[in-house]
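Enquirer: Mind having a look at this structure? Questions to follow.
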Amino acid sequence: MPVIEVTHLKKRYGDLVAVDDVSLTVEAGEIFGVLGPNGAGKTTTVECVAGLRVPDGGGVSVLGLDPRRDAAQLRQRVGVQLQESQLPDRLRVAEALELYASFYRNPADPAALIDKLGLGEKRNTAYKKLSGGQKQRLSIALALVGNPEIAILDELTTGLDPQARRDTWGLIEQVRDSGVTIVLVTHFMEEAERLCDRIAVIDRGRVVALDTPTGLVSAVAPEQRVRFRPSAPVDDRLLTDLPEVSDVRRTGGQVVVTGTGDLLHAVTSVLARHQIVAADLRLEQSTLDDAFVELTGHRPVD
Amino acid sequence: MHAFRQILRIEARLYLRDLPTLLTIVGLPTMILVVLGLIPSLREPDPNFDGQNFVNYFAPSLLVVTLAMVGVNTMPMALATYRERGVLRRLATTPAHPGALLAAQLVVALAAILASALLLIIVGRLAFGVPLPEHPLGFALAFVLGTAALLALGLLVAAVARTTKAAQALAVPLFLLTMFFGGVYLPRFLLPDAVARIGDYTPPGVQALLDAWTGPSPQPLHLAIMAVIAVTAGAGAAKLFRWE
Ligand SMILES: Nc1ncnc2c1ncn2[C@@H]1O[C@H](COP(=O)(O)OP(=O)(O)OP(=O)(O)O)[C@@H](O)[C@H]1O
Ligand SMILES: [Mg+2]
């Protein structure tokens, strides 16, 4: 059952078309990724979903409600982390969370949330004295403190160090496991690959692909390569006869087999049948990075 | 309403936490009063001031100090900063309305202004025998309308300025003008008559404060002008204010 439905969304800022035509649906309980180069319209799209911006065209429905007309209801049920928003300098961590918790009918326990996000030692620290990553974690906590049904997180882990990033991923998975639907705007391929059930790739205000991470990769760059050093001479025909294989080359003592599908299994079984041992066996697959470049013509920032 | 109370509680706490600013806002007028009051000649009756002494005559202008600092400076700057840093926007994603934060800012600003005025009046009375306002009702009215006019101007600044820098660029000259026409930089008897008369009509309306404090009662026209400024600037601010 979709909890978010966006149909032909359009949004302009003056002459600039920020979102041209975006349609997508987010299913209950999934982690939905929104990926795309800078300025692609990701933030604008999710802010229309969050009811912070009024679309110029198209429709948005969240939990069956209209983000503008039913704003009061949705604010209780949707938690939002904005890409660029800060807190007053002198506000302390615990104060911020307790204040935000007080706005909701069924808030999470602020103290527990503070510990969960690793801010326990900083509970009485003023916002201005927090590091970038700590501010980011506080911001995530504020999005979750209302016990939302949907959490919209724009640039979840930007500014976090690798360890904090992994910790945050763990937290997001926990949140999802508790039944929350998550919309995640991100620049990090690894993050999208690890966390997202499905990903919409947005470029210049349009959805250019929407699939699971593996689906995206295999649709855009399905080629895989298997390299190995055979223990005995191999007849090329042995390999080219396999339906998975599209090409066989030799470089030095190495055989490089290119193909699709379950290439690795096909190659190793045929070698095993002929009692050939494959040394230095290596599988090279396209990654989400490759798919992203292919789809948008941009290198992902990392 | 519940959210507003929580926000107000936090905003009050943040206000108290910024001690240097708080002391300046609440204490500066009284400090100047004390310094001037310690000079004996300024406590002598003077025909320049209808036979009152200078300290009595100058006290209303000291009220202007806090009104100007808070009304057209700290309050609009705080709002502009909140907007620029996305604090208001973030609040808009929660069940609380960012308007609650704006209202809380107004309440703490009022509280600071009131505290400063009370301190000035009480210290003036106890230490230097400055009489309490002759016309309490008129004084309260002049004070409330003058404060409302200045706060409304401050809100207008916060509304039209898109950035903190722009707010500063508007707030500083407005502050200087308020102080000048309020007779803070130069006591009003030293100002050319025309300038002093303009000062009667610029917020917070120092002549009405003086009339109500030492004289008979404030002139209705002075009060009416303050009310008009408050309503006009307030309506303009409400129309132009942007949460982001
Ligand atoms: N408030 C605004 N006023 C005018 N233009 C805007 C505004 N917000 C965004 N834009 C423009 O709209 C386009 C899309 O911006 P958006 O913030 O949605 O991109 P994004 O995909 O989130 O980018 P990033 O990855 O850098 O966060 C950009 O060209 C941006 O400059
Ligand atoms: Mg963005």
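The values are calculated or read from the model by the stated rules, or taken from the named source; none is laboratory data. All values reported here derive from a predicted model rather than from experimental measurement. Note that each Cβ is placed from the backbone with ideal geometry, even for glycine, and that neighbours are counted across all protein chains shown. When the accessible area is computed, the model is the full protein with side chains, heavy atoms only, and any ligands, DNA or RNA have been set aside. Shrake-Rupley method; radii C 1.70, N 1.55, O 1.52, S 1.80 Å.
Enquirer: Is it fair to say residue B:59 is out of contact with any strand residue (DSSP E or B) (no Cβ under 9 Å at 6 or more places or on another chain) and open to solvent by 30 Å² or more (accessible area, probe 1.4 Å)?
Expert: no
Enquirer: Among the listed residues B:104, B:115, B:109, which satisfies the condition of being of a type in the set (A, V, I, L, M, F, W, C), in contact (Cβ under 8 Å) with a residue 12 or more places away in the chain and within 14 Å of another protein chain (Cβ to nearest Cβ)?
Expert: Values: B:115 fails: within 14 Å of another protein chain (Cβ to nearest Cβ); B:109 fails: within 14 Å of another protein chain (Cβ to nearest Cβ).
Criteria check complete, one pass: B:104.
Enquirer: Could you tell me which numbered condition residue A:192 fails, if it satisfies all but one of (1) crowded, with 22+ Cβ neighbours inside 10 Å; (2) within 30 Å of residue A:95 (Cβ to Cβ)?
Expert: Among (1) crowded, with 22+ Cβ neighbours inside 10 Å; (2) within 30 Å of residue A:95 (Cβ to Cβ), the lone unmet condition for residue A:192 is (2).
Enquirer: Answer yes or no as to whether residue B:44 is within 14 Å of chain A (Cβ to nearest Cβ) and open to solvent by 10 Å² or more (accessible area, probe 1.4 Å).
Expert: no
Enquirer: Taking residue A:7 and the conditions (1) hydroxyl-bearing (Ser, Thr, Tyr); (2) away from every other protein chain (no Cβ under 14 Å); (3) within 16 Å of ligand 2 (Cβ to nearest atom); (4) open to solvent by 60 Å² or more (accessible area, probe 1.4 Å), which numbered condition does it fall short on, given that it satisfies the others?
Expert: Of the numbered conditions (1) hydroxyl-bearing (Ser, Thr, Tyr); (2) away from every other protein chain (no Cβ under 14 Å); (3) within 16 Å of ligand 2 (Cβ to nearest atom); (4) open to solvent by 60 Å² or more (accessible area, probe 1.4 Å), the odd one out for residue A:7 is (3).
Enquirer: Go through the stretch B:178-197 residue by residue and tally those that are surrounded by 17 or more Cβ atoms within 10 Å (Cβ to Cβ) and not hydroxyl-bearing (Ser, Thr, Tyr).
Expert: Qualifying residue count for the region: 9.
Enquirer: Filter the stretch A:62-77 down to the residues that are open to solvent by 30 Å² or more (accessible area, probe 1.4 Å) and of a type in the set (Gly, Ala, Ser), then identify the one that is modelled with the highest pLDDT.
Expert: Per the stated criteria, the residue is A:64.
Enquirer: Can you go through A:164, A:221, A:141 and tell me which one is open to solvent by less than 60 Å² (accessible area, probe 1.4 Å) and either within 29 Å of residue A:8 (Cβ to Cβ) or within 16 Å of ligand 2 (Cβ to nearest atom) (or both)?
Expert: Values: A:164 fails: either within 29 Å of residue A:8 (Cβ to Cβ) or within 16 Å of ligand 2 (Cβ to nearest atom) (or both); A:141 fails: either within 29 Å of residue A:8 (Cβ to Cβ) or within 16 Å of ligand 2 (Cβ to nearest atom) (or both).
Sole residue among the options that is open to solvent by less than 60 Å² (accessible area, probe 1.4 Å) and either within 29 Å of residue A:8 (Cβ to Cβ) or within 16 Å of ligand 2 (Cβ to nearest atom) (or both): A:221.
Enquirer: In a strand (DSSP E or B), farther than 20 Å from residue A:149 by Cβ and away from ligand 1 (no atom under 13 Å from the Cβ), is that true of residue A:25? Can you show your working first?
Expert: Numbers: in a strand (DSSP E or B): yes; farther than 20 Å from residue A:149 by Cβ: no; away from ligand 1 (no atom under 13 Å from the Cβ): yes.
In short, no.
Enquirer: Quickly run through the stretch B:29-41 and pick out the residues that are under 19 Å from residue B:113 (Cβ atoms) and open to solvent by 50 Å² or more (accessible area, probe 1.4 Å). Break it down stepwise before answering.
Expert: In the first step, residues of the stretch B:29-41 are kept if they are under 19 Å from residue B:113 (Cβ atoms); the result is B:29-33.
Scanning the stretch B:29-41 gives B:31, B:32.
Enquirer: Report whether or not residue A:280 is under 30 Å from residue A:170 (Cα atoms) and at pLDDT 90 or above.
Expert: no
Enquirer: Among the residues of the stretch B:1-49, write down those that are in contact (Cβ under 8 Å) with a residue 40 or more places away in the chain, over 30 Å from residue A:126 (Cα atoms) and not basic (Lys, Arg).
Expert: Passing the criteria: B:29, B:30, B:33, B:34, B:37, B:48, B:49.
Enquirer: Given the residues B:149, B:169, B:140, B:127, which is the only one that is among the small types (Gly, Ala, Ser) and out of contact with any helix residue (DSSP H, G or I) (no Cβ under 9 Å at 6 or more places or on another chain)? Before the answer, list the steps.
Expert: Details: B:149 fails: out of contact with any helix residue (DSSP H, G or I) (no Cβ under 9 Å at 6 or more places or on another chain); B:140 fails: out of contact with any helix residue (DSSP H, G or I) (no Cβ under 9 Å at 6 or more places or on another chain); B:127 fails: out of contact with any helix residue (DSSP H, G or I) (no Cβ under 9 Å at 6 or more places or on another chain).
Matching residue, one of B:149, B:169, B:140, B:127: B:169.
Enquirer: In the stretch A:12-27, what count of residues is obtained for those that are closer than 25 Å to residue A:77 by Cβ, away from ligand 2 (no atom under 13 Å from the Cβ) and touching a residue at least 40 places away in the same chain (Cβ under 8 Å)?
Expert: 5
Enquirer: Any residue at all in the stretch A:78-93 that's over 17 Å from residue B:87 (Cα atoms) and open to solvent by 20 Å² or more (accessible area, probe 1.4 Å)?
Expert: For the stretch A:78-93, residues over 17 Å from residue B:87 (Cα atoms) and open to solvent by 20 Å² or more (accessible area, probe 1.4 Å): absent.
Enquirer: Looking at the stretch A:103-112, is at least one residue away from every other protein chain (no Cβ under 11 Å), in contact (Cβ under 8 Å) with a residue 40 or more places away in the chain, touching a Ser or Thr at 6+ places or on another chain (Cβ under 8 Å) and not polar (S, T, N, Q)?
Expert: The answer is no; no qualifying residue exists.
Enquirer: Further, regarding this structure: Which numbered condition trips up residue B:53, out of (1) open to solvent by 50 Å² or more (accessible area, probe 1.4 Å); (2) over 30 Å from residue A:82 (Cβ atoms); (3) without any contact (Cβ under 8 Å) to a residue 40 or more places away in the chain; (4) not hydrophobic (A, V, I, L, M, F, W, C)?
Expert: If we test residue B:53 against (1) open to solvent by 50 Å² or more (accessible area, probe 1.4 Å); (2) over 30 Å from residue A:82 (Cβ atoms); (3) without any contact (Cβ under 8 Å) to a residue 40 or more places away in the chain; (4) not hydrophobic (A, V, I, L, M, F, W, C), just (1) comes out false.
Enquirer: Looking at (1) buried (at least 23 other Cβ atoms within 10 Å of the Cβ); (2) within 14 Å of chain A (Cβ to nearest Cβ); (3) of a type in the set (Val, Ile, Thr), which is the only condition residue B:70 fails?
Expert: Going through the list (1) buried (at least 23 other Cβ atoms within 10 Å of the Cβ); (2) within 14 Å of chain A (Cβ to nearest Cβ); (3) of a type in the set (Val, Ile, Thr), residue B:70 breaks only (2).
Enquirer: Also, quick follow-up: Touching a strand residue (DSSP E or B) at 6+ places or on another chain (Cβ under 8 Å), within 16 Å of ligand 2 (Cβ to nearest atom) and in contact (Cβ under 8 Å) with a residue 40 or more places away in the chain: does that describe residue A:155?
Expert: yes
Enquirer: Checking the structure you have, find out if any residue of the stretch B:166-177 is more than 27 Å from residue B:99 (Cβ to Cβ), more than 18 Å from the chain's Cα centre (by Cα) and surrounded by fewer than 21 Cβ atoms within 10 Å (Cβ to Cβ).
Expert: No; the residues of the stretch B:166-177 include none that is more than 27 Å from residue B:99 (Cβ to Cβ), more than 18 Å from the chain's Cα centre (by Cα) and surrounded by fewer than 21 Cβ atoms within 10 Å (Cβ to Cβ).
Enquirer: Which residue is nearest to the other protein chains (Cβ to nearest Cβ), if the candidates are limited to the stretch A:28-60 and must be away from ligand 2 (no atom under 13 Å from the Cβ) and assigned to a loop (DSSP other than H, G, I, E, B)?
Expert: The residue in question is A:51.
Enquirer: Check A:82, A:87 and return the single one that is touching a residue at least 12 places away in the same chain (Cβ under 8 Å), within 16 Å of ligand 2 (Cβ to nearest atom) and at the interface with another protein chain (Cβ under 9 Å from one of its Cβ atoms).
Expert: A:82
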